[in-house]
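Comments concern the structure below.
The values are calculated or read from the model by the stated rules, or taken from the named source; none is laboratory data. The structure displayed is predicted, hence computed values, not measured ones. All Cβ positions, glycine included, derive from the backbone under ideal geometry; neighbour counts span all protein chains shown. Ligands, DNA and RNA are excluded from the accessible area calculation, which covers all protein heavy atoms including side chains. Shrake-Rupley method; radii C 1.70, N 1.55, O 1.52, S 1.80 Å.
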Amino acid sequence: MTLRRFFTSLLDTTPYVLALLAALGVASILLLALNAPPLEAVGAIAQGAFGTENATAETLVKATPILFVAIGISVAFRGGVTNIGGEGQMIAGALAGVTVALAIPQAPGIVIIPLALAVGFAAGALYGGIAGALKAYFNVNEILSTIMLNQVAVQMMNFLLNGVLLDPSELGSNAIPKTARIVEAAELPRLSISLPPGLSDLFGTAELFGRTRLHWGLVLAIVLAIVTYILLWRTIIGYRIRAVGQNERASRYAGINIQRNILLSMLLSGGMAGLAGAVQVLGLQYRLQTDGSATGFTGNAGFNGIVAALFGGLNPLGAIPASVFFGSLLVGAQKMQRELGIPASMVTAINGVIVVFVVSAQYFVHRRSRRRSVGGTPEREPAAPIVPAPLETPS
Amino acid sequence: MPDTLPTQPRISQLHMRGMMKRFPGVLAVNNVDFSVEASNGRGEIHALLGENGAGKSTLMKILYGLYRADGGTIHVDNTPLTLRSPQDAIGRGIGMIHQHFMLVPSLTVAENIALGMKSTRGALLDLDRVRARVAELSERYHLKVDPDVPIWQLAVGEQQRVEIVRALYKGAALLILDEPTAVLTPGEVDDFFRVLRQMRDDGHLLVFISHKLHEVLAISDRITVLRDGQRVDTIPTSTASKLMLAQMMVGRPVVLEYDRKPCAPGDVKLMLDNVNALNDRGAAGLRDVTLFVRAGEIVGVAGVSGNGQHELAQTIAGLRPCTSGRIRANGQNITNKSPRVLHRCGMAYIPEERMIDGVIKDFSVAENFILHDHARPPYARGGLFMRFRGIRTASQQAIRDYEIKTPGTETPIKSLSGGNIQKLILARELGRKPQVLIAAQPTRGVDIGATEYIHQRLLEERSKGTAILLISEDLDEILALSDRVIVMYEGRIIGEMPREDVDIRQLGALMAGAQ
C-alpha cells in the first residue's frame with residue numbers, strides 16, 4: 001500500500017469515527033434521561049469489560065460465538081443472501097456437536113473434538129442450506145425462511161432436551177432441561193498465555209488468563225476469520241460468491257452458476273454458525289442447556305453476529321474487533337447494571353443506536369465514493385442495497 | 001391568469017454571462033456566455049451542442065432554477081433575474097421539457113396539465129377550462145392532443161406533445177428542450193420540427209439541447225458548442241457544417257464517415273429460425289424472428305425502442321428463454337443453452353444495460369475484466385487461487401490496447417465514465433476472439449470520441465471475419481456500420497434491405513409499423 005492510499009483509507013474511516021462519536025452522544029442523552037451520568041456509565045462498561053484479567057477473558061468468551069457467526073454472516077451477505085438464521089444454525093450445530101460428544105465417550109479427545117466440531121459445522125451448514133436451497137431453486141425469501149427456521153430450531157432443541165438428549169440423572173425432576181455432561185476428553189482446552197519474566201511482572205501473573213474460562217475456541221475463530229478472508233478475496237470461490245452477491249445478471253452472463261453459489265454461501269454461513277454452537281458446548285458449557293427461552297442457549301449470539309458482521313464491514317478480519325467490541329458491551333453492561341442501577345437492556349438500546357449511525361455512515365461513504373468520479377461523468381447506476389465495502393481489498 | 005393566450009412573446013432577449021457551476025472535483029460550467037434573442041416578432045431556436053458531460057444540461061438546469069450558479073448573471077429583457085427554484089423560472093416564462101417525461105400515467109392529458117396549477121374554482125378542478133385552452137393551443141401549434149385520453153395510452157411522441165402543451169399552458173415564452181428527439185422515429189422528428197418552427201415563428205425562444213449534428217443543423221438558427229464546461233463558439237447555423245461542429249465538440253479532427261471496405265461475407269455464423277420469446281411482462285416479445293448473419297458482415301437491427309430489440313439480444317445471448325424456434329451459432333445448436341456453452345461456441349455479447357449485464361459495478365476494473373475467464377490461467381492457478389499478477393498484467397494490457405482512461409486496475413469500475421466502461425467490456429469480449437458478436441446499443445450514452453473508437457473496433461472485427469449483429473436505436477449508427485439493415489416492429493422483423501438500398505423515408509415508415 002502506497003503512502004497516499006494509506007492516508008486516503010485513513011480519511012475513509014473518518015465518517016465511521018464520527019458516527020461512533022455521534023452514537024455515543026445520543027447514548028449519553030438516553031443515559032441522562034435515566035438520571036445516569038454518561039461518563040460513569042461508559043466507565044463502568046469499560047471497567048466491567050476490561051478492568052480485570054477475568055473481565056477481559058469473559059469479554060473474549062462472549063466475543064467468540066459472535067465472531068463465528070459474524071464470519072458466516074459476512075460470507076452470506078457478500079453472496080447476496082441475507083441470512084438472519086444464525087440462531088437456528090447455531091442450535092443445529094450445538095445439538096449435532098453434543099450428540100457426537102455424548103455418543104462416543106470412550107474415544108480419545110483427538111478424535112472426539114475434531115469430529116464433534118466437523119459434525120457441528122455440517123449440521124449448521126445443512127440447516128442454513130435449507131434456506132439457501134429454497135432461495136436458490138424456488139426463490140423463497142431467505143429472510144423469512146431463516147427467521148422461521150430459528151423458531152423451528154428452538155422448539156426442536158426443547159423437544160430433544162426434554163426427550164432423548166435429556167440428562168439421564170435428571171429424569172423425572174423438574175430441573176432446567178439439559179444434556180448429560182460431555183466427557184473431559186471432549187472438552188476444548190482452556191486457553192492461557194505463558195508470559196516471559198519481563199512481562200509477567202507487568203501483568204502480575206506468569207500465566208495470563210490462567211484461571212479464567214477463556215478457551216481455544218477464540219483461536220479457532222480467529223484462524224477461521226483469516227481463512228475466510230483468503231477464501232473471499234484470494235480464491236475463485238470467493239470471487240464467484242462476491243460476483244453473484246453484487247450482480248446476479250452479470251454473473252449469469254459470465255457463466256457463473258447462480259444457484260450453486262447462493263447455496264454455497266448459505267452452507268458456509270450456516271456452517272460457521274454451527275461451529276459457534278458446537279464450540280459453545282465443547283469449550284464453555286460442556287453440555288447443552290437452556291433456560292427454556294428462545295435465546296437461552298445462544299445468548300443472542302446469532303443475532304449479535306449479524307450486527308458485528310455489519311460493523312466489521314462484512315469483512316471477516318473486520319469482524320474480529322467488532323465481535324470483541326460487542327462482547328465487551330455485553331459483559332460491561334452487567335457491571336453497569338450492578339454499579340449504577342441502569343437496566344442492562346439499556347446497553348441493547350445503545351447497541352442499536354451505534355448500528356443506526358454506523359450504517360448511515362456507510363451510506364454516506366458509499367455516496368461520496370460515487371461522486372469521486374474519474375475521466376468524466378460516472379455512469380448512472382441502478383439503485384442497489386447498500387452493502388458495506390470491504391475494509392481492504394488485495395492489490 | 002388571463003383567459004386569452006398571450007400572443008406576444010414575453011421575452012425578447014435572454015442573456016447569461018460568465019456562468020459558473022462547480023461540483024465536487026469538477027468545474028461543470030466554466031465562464032459560459034449564452035443568449036437567446038427574438039427579432040421582429042420572430043423567435044429563435046438556439047441549439048446547445050456538446051458531448052456528454054460538456055455542461056449543456058447543467059447550464060440549462062441553472063436557467064430553469066434547478067441548480068444555483070456559483071457565478072455569473074442572467075438578464076431577461078435587460079433586467080437581472082435571480083432564480084431560487086423552478087417556480088421562479090416558470091414565473092418568468094421559462095419552461096423546460098426533460099428527457100424523461102414528468103407525466104402521471106394514470107391521469108388524462110387535461111388532468112396532467114391541471115396538476116400543480118392554480119384552479120379558478122378553488123379546491124375544485126377546473127377541467128373544462130383546461131380542456132378548452134388545450135384545444136386552443138393544439139390548434140395553433142398543430143400539436144394534436146386529445147385532452148381526455150390517459151397518458152399511458154399515448155405513444156412517446158404524443159407524450160412529448162403533452163409536455164410541450166403543458167409548458168405553453170403555463171405561459172412559457174422560452175422553452176428548454178433537453179435531447180427531445182432521442183425517443184422519436186425519423187417521421188416523428190419531422191412532425192416535431194414543424195411544431196418547433198411554428199412556435200419560433202410565433203415569437204417563442206427555444207433552446208434545443210442535442211448531440212445529434214444533423215438535427216441541430218436542420219432546426220436551429222444559431223449553435224453554441226460546449227466542451228468540458230467551456231463555450232467553444234457560437235455560430236449562425238447557416239455557416240456551420242457537420243464536420244466543423246464535430247471537431248468543435250471533440251476538440252480534434254473526427255471521422256464521421258468510416259472507410260468501409262466492401263463486404264465479403266463468408267459462411268452463415270448466426271442463424272435464428274422462427275424464434276419466439278416472452279418479454280418481461282410475459283407477453284410475446286419476439287414473434288417468429290428469422291434472420292442470419294454471415295462471417296465478415298454487420299447486420300443492423302433498427303427499430304423504435306421497445307419493439308423487441310432488447311428481447312432479441314437477450315435471447316441470442318442465452319439470458320432469456322426461447323419459447324420456440326432454434327438458434328444456431330457457428331454450426332451448433334445453442335437454443336436455450338447456458339452462457340458458458342455460448343462462450344465456447346465463440347459468442348461474445350456487448351449488453352445494452354452495461355451497468356446491469358455488462359459489469360459488476362462495485363468490482364474493480366481488473367475484476368471486471370476477468371469476469372468470464374476468472375477460473376482459467378493466467379488468472380487462476382491450481383483451480384482455486386486467483387493469480388493477481390496475471391490478472392494485473394492482462395488488465396493493464398487491455399487498458400493500454402483499448403485506451404481506457406482509469407487511474408489503475410484496482411479502481412472500482414463504477415467511477416469510470418460510460419465510454420470507458422464500454423471500452424473495458426469491448427476489451428473483454430473482443431479479447432476472446434469471437435466468431436459471433438452481438439452488440440446491443442454499443443454506444444448509448446457514450447461520448448463521440450469513444451463512439452468513434454468503438455465503431456472502428458467493430459469494423460476491424462468485421463474485417464477479421466466476425467459475424468456481427470448490431471442492435472441500435474441510433475439510426476446514424478446503423479447506417480454508418482451495417483451491411484444489411486433489418487427493421488423490427490412489435491417483436492417481428494418487418495423489413496430487410498441491403499445498406500445501399502436504404503431509403504430513410506421508407507425506413508422511418510417501417511419503424512413506425514407501416515408494411
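At-a-glance table
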| quantity | calculated |
| --- | --- |
| Residue ID - nearest to B:V301 (Cα to Cα), chosen from residues in segment B:316-346 that are in contact with a strand residue (DSSP E or B) (Cβ under 7 Å, 6 or more places away or on another chain) and of a type in the set (G, A, S) | B:A317 |
| Checklist (1) away from chain A (no Cβ under 14 Å); (2) at pLDDT below 90 applied to B:H15, failing item | (2) |
| Residue list for segment B:371-398, restricted to those being open to solvent by less than 30 Å² (accessible area, probe 1.4 Å) and away from every other protein chain (no Cβ under 11 Å) | B:G390, B:A394, B:S395, B:A398 |
| Single residue of B:L63, B:L49 found to be under 19 Å from B:D221 (Cα atoms), more than 14 Å from chain A (Cβ to nearest Cβ) and not charged (D, E, K, R) | B:L49 |
| Pairs with Cβ under 6 Å, 6+ apart, first in segment B:334-355 and without any contact (Cβ under 8 Å) to a residue 24 or more places away in the chain and at the interface with chain A (Cβ under 7 Å from one of its Cβ atoms), second of a type outside the set (G, A, S) and outside any helix (DSSP H, G or I) | none |
| Residue that is modelled with the lowest pLDDT, among those in segment B:426-461 that are open to solvent by 40 Å² or more (accessible area, probe 1.4 Å) and closer than 23 Å to B:N307 by Cα | B:G445 |
| Residue pairs meeting the criteria (Cβ under 6 Å; at least 6 apart or on separate chains; first small (G, A, S), in segment B:157-177; second assigned to a helix (DSSP H, G or I)) | B:G157/B:E188 |
| A:G124 being of a type outside the set (S, T, N, Q), open to solvent by less than 40 Å² (accessible area, probe 1.4 Å) and more than 22 Å from A:G217 (Cβ to Cβ) | no |
| Matching residues in segment A:252-268 - criterion: being farther than 17 Å from A:A118 by Cβ and part of a helix (DSSP H, G or I) | A:R252, A:Y253, A:I258, A:Q259, A:R260, A:N261, A:I262, A:L263, A:L264, A:S265, A:M266 |
| Conditions (1) closer than 20 Å to B:H211 by Cβ; (2) within 14 Å of another protein chain (Cβ to nearest Cβ): number failed by B:R22 | (1) |
| Candidates B:P105, B:P80 - the one that is exposed (fewer than 14 other Cβ atoms within 10 Å of the Cβ) and under 26 Å from B:L206 (Cβ atoms) | B:P80 |
| Residue among B:Q506, B:Q456, B:Q422 that alone is assigned to a helix (DSSP H, G or I) and within 14 Å of another protein chain (Cβ to nearest Cβ) | B:Q422 |
| Selection status of A:S200, open to solvent by 80 Å² or more (accessible area, probe 1.4 Å) and either farther than 26 Å from A:V98 by Cα or in contact with a strand residue (DSSP E or B) (Cβ under 8 Å, 6 or more places away or on another chain) (or both) | no |
| Filter result for B:T224 (open to solvent by 10 Å² or more (accessible area, probe 1.4 Å) and either in a strand (DSSP E or B) or over 28 Å from B:L27 (Cα atoms) (or both)) | no |
| Yes/no for A:G318 being in contact (Cβ under 8 Å) with a residue 40 or more places away in the chain, in contact with a Pro (Cβ under 9 Å, 6 or more places away or on another chain), among the small types (G, A, S) and closer than 16 Å to A:M157 by Cβ | no |
| For B:T406: the one exception among (1) of a type in the set (S, T, N, Q); (2) in a helix (DSSP H, G or I); (3) within 10 Å of chain A (Cβ to nearest Cβ) | (2) |
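Listed here are the residues, each with its yes/no results for (1) of a type in the set (K, R); (2) touching a residue at least 40 places away in the same chain (Cβ under 8 Å); (3) not assigned by TED's automatic domain parsing to the domain that holds B:M19.
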position: B:K56; (1), (2), (3): yes, yes, no
position: B:T73; (1), (2), (3): no, yes, no
position: B:I97; (1), (2), (3): no, yes, no
position: B:H100; (1), (2), (3): no, no, no
position: B:V109; (1), (2), (3): no, yes, no
position: B:I113; (1), (2), (3): no, yes, no
position: B:L127; (1), (2), (3): no, no, no
position: B:V134; (1), (2), (3): no, no, no
position: B:R140; (1), (2), (3): yes, yes, no
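Listed here are the residues, each with its yes/no results for (1) within 30 Å of B:Q314 (Cβ to Cβ); (2) part of a helix (DSSP H, G or I); (3) of a type outside the set (G, A, S).
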| position | (1), (2), (3) |
| --- | --- |
| A:S200 | no, yes, no |
| A:T205 | no, no, yes |
| A:V219 | no, yes, yes |
| A:I222 | no, yes, yes |
| A:I226 | no, yes, yes |
| A:L232 | no, yes, yes |
| A:A250 | yes, yes, no |
| A:G270 | no, yes, no |
